Amino acid sequence: MALGTDTLTAREVVAQRLRSGSGDPRGLVLQGALLLAMLVLLAVLVVLIGDILIRALPVFLDRPVDFLGSALSSRPARAGIVQGILGSVALIVIVALIALPIGIGAAVYLEEYARDTPMARLIRTNIRNLAGVPSIVYGLLGLAMFVSTLGLGKTLIAGGLTLAVLVLPIVVITTMEALRAVPGSIREAAFGVGATRWETIRSHVLPYAAPGILTGTILSLGRAFGETAPLLMVGAIAGTFTSTSVGDMLNGSYTALPTIVFDWSGKPQDEFRALTSAAIVVLLVVILLINATAILLRNRYDRKW
Amino acid sequence: MTVHTPVPTGSPAEHEPSGGPTIRVMTTPAAIDESEGIEPAASALATPPTFPPEEVVFELDGLSCFYGSFRAVRDVSLQVPRNQITALIGPSGCGKSTLLRSFNRMNDLIDGARIEGEIRYHGVDIYEAGVDPVEVRRRIGMVFQKPNPFPKSIYDNVAFGPKVAGFRGNMDQLVEESLRRAALWDDVKDKLKQPGTALSGGQQQRLCIARAIAVEPDVILMDEPCSALDPIATLRIEELMRELREKYTIVIVTHNMQQAARASDYTAFLTMGEDRAGHLVEMAPTEQLFTRPANRITEDYITGRFG
Amino acid sequence: MTASGQPTAAPLRATDLQIAGGRRGRERAIRLAFLAAAALSIVISIAIVFSLLGNALYFLFNVDLSTLVTDGWFPRRGLYDIATIVVGTLIISGIAVLVAAPLGLGAGIYLSEYARPRVRRILKPILEILASIPSVVLGFFALTWISPNLVQPLTGAPLSNMAAAGLAVGILITPLVASVSEDALHAVPAYLREAAYGLGARKRTTSLNVVVPAAVSGIVAALLLGLSRAIGETMIVSIAAGGTGNSLFQLNPFAPGQTMTAAMSALAIGSDRVRGAELTFESLFFVGLLLFLMTLALNLLSDAFVRRVRSRY
């Protein structure tokens with residue numbers, strides 16, 4: 001083999017290789033494909049929100065206040081979501097009053113008091129499994145327990161209890177994580193000066209974990225706000241009814257914002273398409289506000305002492 | 001230096017050249033001279049010093065500490081005298097911290113931890129049924145290896161202990177006095193509301209000492225309190241310990257032999273046996289342990305042959 | 001106080017080392033309260049199982065078993081063909097996983113291995129926003145946009161069809177798959193990546209041949225969780241899949257179909273007529289029990305895979 005002028009020295013070969021940069025075509029393709037996945041998701045989000053907004057625009061341009069303040073009606077020009085707003089707010093209040101104390105209490109027990117016994121491990125696994133149960137099954141539970149057995153009937157309280165049970169495992173899990181993040185040295189220091197367990201928890205552990213707990217619970221309330229299936233199972237009205245007072249709704253017919261969306265989705269008239277989109281806008285705005293609050297809180301308190 | 005040195009029972013009293021108790025040993029500390037091929041008394045266990053009853057704060061009687069089925073400390077018997085600084089030294093892993101933490105039942109907080117034997121505090125078995133570890137810990141305070149002030153203000157750090165103990169008097173005064181005794185008052189007197197975590201390492205540790213003092217304990221346990229501090233801060237803490245000795249009994253765990261030699265009155269040397277459990281090799285007045293150790297293993301340790 | 005250095009006046013007694021009665025009582029009461037809260041979770045689980053089992057077993061014992069294998073699901077007429085609703089569920093969930101796997105895993109790998117911090121700060125919120133969209137909204141979107149714009153033009157399907165619903169469910173579960181798989185990839189220890197780079201491997205090789213295989217258990221767990229969520233999804237299929245309360249057995253994804261969840265909600269919304277013919281009410285719980293068991297099995301399986309990841313490292 002004759003040495004020709006086209007043979008490179010070792011030095012030149014190395015220089016060429018090192019300088020060729022990230023010339024890995026297949027690597028670029030992979031990176032492109034992955035980026036594409038993200039872009040598809042972004043596109044989906046943009047299209048979804050854009051489409052909804054465009055559809056909803058006529059309603060907000062035409063009769064925004066009336067829309068927010070009117071009751072349900074089979075006539076699109078008169079239909080509004082006030083009952084849904086009232087119902088959803090009332091439901092969230094019930095959920096907060098029930099799920100938060102019980103959920104945080106259970107988490108405190110599991111993280112701070114329980115020793116590593118089989119019983120404690122059972123409870124922990126159990127809660128994790130409960131978090132994965134489909135929401136409609138919680139609806140069945142509500143139907144069987146709250147509506148029938150406890151005789152609450154198809155009332156808002158039954159709905160609120162059902163949602164509270166749905167949200168409970170999530171509250172427990174997020175609170176447990178927040179408690180676990182508290183450094184052990186703080187507890188040790190408190191015990192070291194002769195504090196009891198509750199005094200330690202109350203004065204040191206809970207304050208330290210509070211931002212994390214708050215974030216988790218607010219997010220779970222946001223999730224409850226958007227739930228529909230369980231409410232349908234326990235009798236939230238997907239139709240029309242007249243009363244707009246909360247008092248009436250506590251004991252009788254009630255609905256929630258997502259339930260209205262569901263009901264209106266099924267109506268073929270074009271006007272109802274617009275109304276549904278408008279209701280969705282309101283729903284999304286509320287949920288986004290709730291989530292944003294939670295995340296803002298988390299970021300603000302993340303810089304610990 | 002007027003230090004109240006307890007005169008132990010059974011000693012030929014006063015005019016000991018070292019001013020301390022006599023140690024009875026089981027074998028004669030023979031001339032340990034390897035070149036002559038003399039076999040040293042390898043496992044001679046010196047009997048720890050005993051003190052008159054009113055001078056005894058802790059008495060350990062065959063104390064063993066377990067984590068589940070693992071024995072971390074085996075059969076320790078010794079006495080800790082009042083208003084003295086007693087140091088526990090030994091190679092790492094030999095159970096010194098475990099032993100120390102059993103004095104104030106801190107090990108109770110670990111799943112599966114238990115003890116066998118007895119540990120008596122002023123004559124009372126602190127592991128007896130009916131004794132509440134919370135009360136024990138109020139009387140027997142602890143300062144930890146890494147300073148751990150609460151993420152609260154300096155004032156609140158010191159005030160927390162007395163508050164949960166039900167203190168009803170003048171808290172401001174108590175806080176000031178505790179900070180003075182911990183030699184921290186001048187540094188922080190005009191920033192009591194600032195977070196405790198904003199102080200330097202040495203200051204944080206003194207804050208932790210003030211916090212421990214605030215509940216007016218009888219004993220202060222210190223678990224390697226200077227190991228996370230720089231040398232200057234370390235010396236300040238050692239000075240502080242000597243001041244604190246007037247009012248409190250101090251037991252300190254340290255892996256720093258020079259510190260033990262500098263700062264303590266009595267030293268107990270523990271080491272790990274083949275069963276990986278720590279046991280007491282020798283306890284004596286500090287000067288004696290470091291200059292005339294009765295046990296070969298002790299001598300090996302303090303001359304740096306192991307550990 | 002005994003701190004003055006003088007000998008203690010009176011000898012210490014064991015009772016001195018007891019905590020004050022009031023303080024101790026309060027401790028006990030508080031502990032009990034927390035324990036009750038924790039025990040409540042067990043009560044809830046038992047309640048779920050009981051409420052499902054009771055009615056479901058009643059259904060099984062009283063139903064004419066031949067009605068469980070008929071042409072379709074017509075509960076108010078007493079025809080309870082299980083295959084119809086299970087197949088519908090599987091078709092839609094299958095489509096969902098086919099969508100969510102590449103999108104979710106792609107996003108997860110990208111976020112974990114490639115994205116720079118600035119990019120992450122934009123992309124993660126996108127996933128979080130997507131995750132917070134309620135399923136009713138996606139159902140509406142499926143019916144009014146996905147079906148007419150994507151499915152119908154390509155296949156001539158009717159407006160309500162399983163494919164559109166499946167796509168929407170896929171979008172629903174993608175954030176879940178993305179975040180669980182990203183966690184799994186993140187959990188791969190740095191030393192593995194460093195070992196690969198140290199040998200001169202490129203990023204592509206490291207990612208695909210080292211990190212992903214190491215995280216495979218976590219990735220499988222992510223997909224199982226996604227599948228479980230897809231199976232349990234109700235609102236999208238109720239709105240967009242076209243299953244009314246009555247459906248014939250259907251294998252074609254481009255036709256309307258019925259899932260277990262939609263069947264249940266249809267039964268319930270007949271509101272006053274839930275207690276319709278004969279065993280209609282109990283059939284609701286029977287399907288609910290099936291659904292519960294399926295998702296439980298998937299979740300437990302997914303847990304098992306997560307445990308495998310942990311035990312490795």
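A few points about this structure:
- Top-ranked residue in segment B:97-119 [being in a loop (DSSP other than H, G, I, E, B) and crowded, with 18+ Cβ neighbours inside 10 Å; ranked as nearest to the other protein chains (Cβ to nearest Cβ)]: B:N104
- In the set A:I81, A:I92, only one residue is surrounded by 14 or more Cβ atoms within 10 Å (Cβ to Cβ) and either touching a His at 6+ places or on another chain (Cβ under 9 Å) or more than 18 Å from A:V281 (Cβ to Cβ) (or both); that residue is A:I92.
- Within segment B:120-144, the set of residues being surrounded by 21 or more Cβ atoms within 10 Å (Cβ to Cβ) and assigned to a strand (DSSP E or B) comprises B:Y121, B:I140, B:G141, B:M142, B:V143.
- Residues located in segment A:224-265, provided they are among the polar types (S, T, N, Q) and either surrounded by 15 or more Cβ atoms within 10 Å (Cβ to Cβ) or in a loop (DSSP other than H, G, I, E, B) (or both): A:T228, A:T240, A:T242, A:S243, A:T244, A:S245, A:S253, A:T255, A:T259, A:S265
- The residues listed here are A:T162, A:T175, A:T217; of these, the one that is within 12 Å of chain C (Cβ to nearest Cβ), closer than 30 Å to B:N148 by Cα, touching a residue at least 60 places away in the same chain (Cβ under 8 Å) and within 24 Å of the chain's Cα centre (by Cα) is A:T175.
- The one condition in (1) part of a loop (DSSP other than H, G, I, E, B); (2) within 11 Å of chain C (Cβ to nearest Cβ); (3) in contact (Cβ under 8 Å) with a residue 24 or more places away in the chain that A:P268 fails to fulfil: (3)
- Taking every residue in segment A:84-100 that is within 18 Å of A:L72 (Cα to Cα) and pairing it with any residue that is of a type in the set (A, V, I, L, M, F, W, C) and surrounded by fewer than 20 Cβ atoms within 10 Å (Cβ to Cβ), at least 6 positions away or on another chain, the pairs with Cβ-Cβ distances below 8 Å are A:I85/A:L68; A:L86/A:V246; A:S88/A:V286; A:A90/A:V246; A:A90/A:L250.
- Only listed residue being within 12 Å of another protein chain (Cβ to nearest Cβ), touching a Lys or Arg at 6+ places or on another chain (Cβ under 7 Å), assigned to a helix (DSSP H, G or I) and of a type in the set (F, W, Y), chosen from A:F191, A:F146: A:F191
- Here A:A224 meets each of (1) without any contact (Cβ under 8 Å) to a residue 40 or more places away in the chain; (2) more than 8 Å from every other protein chain (Cβ to nearest Cβ) with one exception, condition (1).
Table: residues versus (1) touching a residue at least 12 places away in the same chain (Cβ under 8 Å); (2) within 16 Å of B:R180 (Cβ to Cβ); (3) within 15 Å of the chain's Cα centre (by Cα).
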{"position": "B:I209", "(1), (2), (3)": "yes, yes, yes"}
{"position": "B:A214", "(1), (2), (3)": "yes, yes, no"}
{"position": "B:C226", "(1), (2), (3)": "yes, no, yes"}
{"position": "B:M241", "(1), (2), (3)": "yes, yes, yes"}
{"position": "B:V253", "(1), (2), (3)": "yes, no, yes"}
{"position": "B:Q258", "(1), (2), (3)": "no, no, no"}
{"position": "B:F269", "(1), (2), (3)": "yes, no, yes"}
{"position": "B:V281", "(1), (2), (3)": "yes, no, no"}
{"position": "B:F306", "(1), (2), (3)": "yes, no, no"}
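Here's the yes/no breakdown for (1) surrounded by 16 or more Cβ atoms within 10 Å (Cβ to Cβ); (2) away from chain A (no Cβ under 12 Å):
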{"position": "C:E128", "(1), (2)": "no, no"}
{"position": "C:A131", "(1), (2)": "yes, no"}
{"position": "C:I146", "(1), (2)": "yes, no"}
{"position": "C:L176", "(1), (2)": "yes, no"}
{"position": "C:L199", "(1), (2)": "no, yes"}
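- Counted residues, segment B:133-159 - those being at the interface with chain A (Cβ under 7 Å from one of its Cβ atoms) and under 27 Å from B:T254 (Cβ atoms): 8
- Selection status of C:A215, of a type outside the set (D, E, K, R), more than 14 Å from chain A (Cβ to nearest Cβ) and closer than 18 Å to C:I95 by Cβ: no
- Hey, B:T291 in contact with a helix residue (DSSP H, G or I) (Cβ under 8 Å, 6 or more places away or on another chain) and modelled with pLDDT of 90 or more or not: no
- Counting residues in segment B:170-188 that are at pLDDT 90 or above, closer than 29 Å to B:I126 by Cα, of a type outside the set (S, T, Y) and in a loop (DSSP other than H, G, I, E, B) gives one or more.
- Of residues in segment C:248-262 being in contact with a Gly (Cβ under 7 Å, 6 or more places away or on another chain) and crowded, with 24+ Cβ neighbours inside 10 Å, the one nearest to the other protein chains (Cβ to nearest Cβ): C:T261
- Taking first residues from segment A:28-42 that are more than 7 Å from chain C (Cβ to nearest Cβ) and partners that are among the charged types (D, E, K, R), the Cβ contacts under 9 Å between residues at least 6 apart in sequence or on separate chains come to A:L28/C:R204; A:V29/C:R204.
- Note on segment C:14-27: among residues that are more than 8 Å from every other protein chain (Cβ to nearest Cβ) and exposed (fewer than 11 other Cβ atoms within 10 Å of the Cβ), the one that is modelled with the lowest pLDDT is C:G21.
- Qualifying positions in segment A:92-106 - within 30 Å of B:D111 (Cα to Cα) and either of a type in the set (V, I, T) or facing chain C (nearest Cβ under 8 Å) (or both): A:P101, A:I102, A:G103, A:I104, A:G105, A:A106
- Count of segment A:54-72 residues which are within 14 Å of chain C (Cβ to nearest Cβ) and either surrounded by 15 or more Cβ atoms within 10 Å (Cβ to Cβ) or farther than 11 Å from A:V281 by Cα (or both): 2
- Residue identified as within 23 Å of the chain's Cα centre (by Cα), on the phi < 0 side of the Ramachandran plot and in a helix (DSSP H, G or I) among B:I220, B:I232: B:I232
The values are calculated or read from the model by the stated rules, or taken from the named source; none is laboratory data. Keep in mind the model is a prediction, meaning the values are calculated, not measured. Counting neighbours? That spans all protein chains shown, and the Cβs are built from the backbone with ideal geometry, glycine included.
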